[in-house]
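Written below as structure tokens is the structure these notes are about.
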Amino acid sequence: YQCDWSSDVCSSDLPTYTLAGNTPVAGTGLWTASPSTANFGDATSPTSTVTVSTYGTYTFTWTATNGQCSDQDAVNITFDEQPVASAGSDDHICGNNYTLSGVPSVGTGTWTVSPASGLTIISPNSATSNVIANSYGTYTLTWTEVNGVCSDNASINLTFDLVPTSTFTATDID
């Protein structure tokens, strides 16, 4: 009863998904879920919709029954939450040290920088990593979050300026 496939679903809201079982040659069919927190539109339809209550991996089993005989097949579907990347705001920095102000959502986040040289990201997987400019100038930093098959990114521009120094000479006046 061929529904032997796996799938990943990416969604910002808990999704409704359409299953794809075969119509039994004889008898009736019934979908079941593990965990059992899924709700079927029509559990007796091979192409029922299913809505899950939490993100994660579910096993949906299609069982065809005719009298004392039965056959079944299962499909694993992973429902991944869509991350929403937040990199913070553009900024101008006097000096060469800065703490990023990204906000993590779900999944794993990673900072990248362009141009690739001149700026060191101390903790690339921390939304609030420190960065050190080895060369003054403007850099584009991108915070990318990945959760299963879902991803999102956001970028900021940081401009590092040399701190001016002023010197003066004072003459004593008697």
> In the stretch 107-116, is there at least one residue being under 30 Å from residue 34 (Cα atoms), open to solvent by 40 Å² or more (accessible area, probe 1.4 Å), part of a strand (DSSP E or B) and modelled with pLDDT under 95?
Replying inline: no
> Which of the residues belonging to the stretch 45-86 are assigned to a strand (DSSP E or B) and open to solvent by 60 Å² or more (accessible area, probe 1.4 Å)?
Replying inline: 57, 66, 69, 70, 71, 72, 76, 81
> Does the stretch 70-79 include one or more residues that are under 21 Å from residue 146 (Cβ atoms) and either modelled with pLDDT of 95 or more or of a type in the set (D, E, K, R) (or both)?
Replying inline: no
> For the stretch 12-44, how many residues are touching a Pro at 6+ places or on another chain (Cβ under 7 Å) and either open to solvent by less than 30 Å² (accessible area, probe 1.4 Å) or not hydroxyl-bearing (Ser, Thr, Tyr) (or both)?
Replying inline: 3
> If you take the residues of the stretch 87-106 that are part of a strand (DSSP E or B) and either open to solvent by 50 Å² or more (accessible area, probe 1.4 Å) or in contact with a helix residue (DSSP H, G or I) (Cβ under 8 Å, 6 or more places away or on another chain) (or both), which of them is nearest to residue 157 (Cα to Cα)?
Replying inline: 91
> Taking strands (runs of 3 or more DSSP E) that do not extend beyond the stretch 118-168, which have at least 3 residues that are β-branched (Val, Ile, Thr) and more than 13 Å from residue 92 (Cα to Cα)?
Replying inline: 137-147
> Could you list, in sequence order, the residues of the stretch 117-151 that are touching a residue at least 60 places away in the same chain (Cβ under 8 Å) and either within 11 Å of residue 85 (Cβ to Cβ) or surrounded by 17 or more Cβ atoms within 10 Å (Cβ to Cβ) (or both)?
Replying inline: 145, 146, 147, 148, 150, 151
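The values are calculated or read from the model by the stated rules, or taken from the named source; none is laboratory data. Bear in mind the structure is a predicted one, so any value in this text is a computation, not a measurement. Note that each Cβ is placed from the backbone with ideal geometry, even for glycine, and that neighbours are counted across all protein chains shown. The accessibility values were calculated without ligands, DNA or RNA, using every heavy atom of the protein model including side chains. Shrake-Rupley method; radii C 1.70, N 1.55, O 1.52, S 1.80 Å.
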